[in-house]
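Peer 1: Below: one structure in structure tokens.
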Amino acid sequence: MDLEAVRTFVAAADTGQFQEAAADLSVTQQAVSKRVAALERDLAVRLFTRTARGVQLTIDGQAFLPHARDLLRAEERAASSVRPGRRALRVDVISRRVAPAALLRDFHRAHPDMELDVVTLFDADAAIAAVHSGTIDVSFRAVTVPAPRLPEGIRTARVLDEPHELLTGPRHELAAARAVTPAQLVGHRIWIPGIAPGTEWATYYDDLAAAFGLTIDAIGPNFGTEHLLDVLADSSTLASLIGQQTRFLWPDYYDLRRIPLHDPTPVYPHSLIWHHENPHPALTTFRGYFRSRSTGLERHDAGTWSPTWAARRATS
């Protein structure tokens, strides 16, 4: 439907005069007549009757008028959704449970007037492609690809190193430990269901396992977090790894233990990904907020471990 014709119809209905509608719309009276006539042909009804004093809505015109107003309001909402400064900043995170999601909540508290649209894409490849195409504005991801191999215009900055913790049930051999080292995990089965081959988190865990001789597997179906916690609570042999800021809730009787890893502490490297030509006015504020915080990056020392590709990413 021609929205200009709909807008003209509403203006004529409000004024009762084609001449006044033309003045309001800054067009000629002839243009108003042509638009209304075209709309009447499209709808196959008469919308106005002509009188000596102007125009009057027919019964069909009266029925159509509220819907015409709805169409114009919908047009305004659609335009506002992409108008600079009006559209929400669209942000991708790997999961709504992990540290970047918590950082987004902190950002929203600091900038409550800045609207965010949070999504979860499958992996870093999908996120980078979405940033490059403009489907999303910015992403939090581990970036395993060297900067020269990224699509043109894509920029990254490492903003968060999230320490890992060991998660066990109360009967596990290490359950009573106040802290463990990666070396102490050798020979223990670390179960992380849902590791998808070819993803950035699969690359991270492969490198972690190779660096310390760990047994990390994703054997068995992935029924979600609740199933993982349920299995760990009853197991004396299975453990898992979770981020320090990852939020999990479980019943008290599970008695699960979150045990820090030290000497060294494996950290998962989260980077911001954006396109340098993205015009969204909130993006500069968003990047500046996380650049100023650089949460966790002060721990780049002998006490932490991250993959070699993450070390390259630190200065990208």
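The values are calculated or read from the model by the stated rules, or taken from the named source; none is laboratory data. Just so you know, these numbers come straight off a predicted model, no measurement behind them. Cβ: placed from backbone, ideal geometry, glycine included. Neighbour counts: every protein chain shown.
Peer 1: Taking the criterion of being assigned by TED's automatic domain parsing to the domain that holds GLU277, part of a loop (DSSP other than H, G, I, E, B) and in contact with an Asp or Glu (Cβ under 8 Å, 6 or more places away or on another chain), would at least one residue in region 95-104 satisfy it?
Peer 2: Scanning region 95-104, I find at least one residue that is assigned by TED's automatic domain parsing to the domain that holds GLU277, part of a loop (DSSP other than H, G, I, E, B) and in contact with an Asp or Glu (Cβ under 8 Å, 6 or more places away or on another chain), so the answer is yes.
Peer 1: Out of HIS108, HIS132, report the one residue that is touching a residue at least 60 places away in the same chain (Cβ under 8 Å) and within 29 Å of PHE286 (Cβ to Cβ).
Peer 2: HIS132
Peer 1: Restrict the check to region 273-280 and report whether at least one residue is farther than 25 Å from THR144 by Cα, in the same structural domain as GLU152 (by TED's automatic domain parsing) and at pLDDT below 95.
Peer 2: yes
Peer 1: Is region 97-119 home to any residue that is closer than 29 Å to THR308 by Cα, at pLDDT 90 or above, in contact with a strand residue (DSSP E or B) (Cβ under 7 Å, 6 or more places away or on another chain) and among the small types (Gly, Ala, Ser)?
Peer 2: The answer is no, given that none of the residues of region 97-119 is closer than 29 Å to THR308 by Cα, at pLDDT 90 or above, in contact with a strand residue (DSSP E or B) (Cβ under 7 Å, 6 or more places away or on another chain) and among the small types (Gly, Ala, Ser).
Peer 1: Restricting attention to region 146-192, which residues are assigned to a loop (DSSP other than H, G, I, E, B), outside the structural domain of TYR253 (by TED's automatic domain parsing) and touching a residue at least 60 places away in the same chain (Cβ under 8 Å)?
Peer 2: In the first step, residues of region 146-192 are kept if they are assigned to a loop (DSSP other than H, G, I, E, B); the result is 146, 150-153, 169-179, 181, 186-188, 192.
Of the ones still in play, those that are also outside the structural domain of TYR253 (by TED's automatic domain parsing) are 146, 150-153.
Residues satisfying the conditions are PRO146, GLY153.
Peer 1: Answer yes or no as to whether ARG35 is touching a Ser or Thr at 6+ places or on another chain (Cβ under 6 Å), at pLDDT 90 or above, surrounded by 13 or more Cβ atoms within 10 Å (Cβ to Cβ) and part of a helix (DSSP H, G or I).
Peer 2: Yes; evaluated as a whole, the condition is true for this residue.
Peer 1: If I ask for residues that are among the polar types (S, T, N, Q), surrounded by fewer than 17 Cβ atoms within 10 Å (Cβ to Cβ) and not in a loop (DSSP other than H, G, I, E, B), which ones from region 215-260 would you list?
Peer 2: Result: THR215, single match.
Peer 1: Just the residues that are at pLDDT below 95 and either over 23 Å from VAL186 (Cα atoms) or in contact with a Ser or Thr (Cβ under 8 Å, 6 or more places away or on another chain) (or both), please, taken from region 239-251.
Peer 2: Within region 239-251, GLN245, THR246, ARG247, PHE248, LEU249, TRP250, PRO251 qualify.
Peer 1: Return a yes/no flag: does region 206-214 have any residue that is part of a helix (DSSP H, G or I), in contact with an Asp or Glu (Cβ under 9 Å, 6 or more places away or on another chain), surrounded by fewer than 17 Cβ atoms within 10 Å (Cβ to Cβ) and in contact (Cβ under 8 Å) with a residue 60 or more places away in the chain.
Peer 2: No, there is no match, as no residue in region 206-214 is part of a helix (DSSP H, G or I), in contact with an Asp or Glu (Cβ under 9 Å, 6 or more places away or on another chain), surrounded by fewer than 17 Cβ atoms within 10 Å (Cβ to Cβ) and in contact (Cβ under 8 Å) with a residue 60 or more places away in the chain.
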